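Take a look at the structure below.
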Amino acid sequence: MLELLEKIESLKNSLDKLELFNKLELIKKEIYSNQELVEKIKKYNEVPNNNLRLEIYQYNEIKKYKKIENEINLMILQINQKLGVLTNQRSCHHENN
């Protein structure tokens, strides 16, 4: 179990250094610097409206953000799959003893 925790901690440290997260932070700054976009997002959060949502998705900042978000979600999926394999291997191995 300690070995698994050490590997998870190592993975977390590696993820913190990924350029993908740096890009995400930069894109978030771009979004917040676009006052018109921020106002639309606030308005949408108060009263969801499909037309407004479609307008928001037309901004390049949002398109870039969504692309990075998708990449991160895919990475999370891969990590979860690998963790599932590790967990299942350890469970099966433990049951055999």
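Things to note:
- Residue list for the range 32-48, restricted to those being surrounded by 13 or more Cβ atoms within 10 Å (Cβ to Cβ) and more than 29 Å from M75 (Cα to Cα): K40, K43
- Counted residues, the range 1-31 - those being under 18 Å from L83 (Cβ atoms) and either touching a residue at least 40 places away in the same chain (Cβ under 8 Å) or surrounded by 10 or more Cβ atoms within 10 Å (Cβ to Cβ) (or both): 9
Laboratory data are not the source of any read-out in this text; all were calculated from the coordinates shown. Just so we're clear, the structure is a prediction, and the values are computed from it rather than from any experiment. All Cβ positions, even for glycine, are placed from backbone atoms using ideal geometry, and neighbour counts span all protein chains on display.
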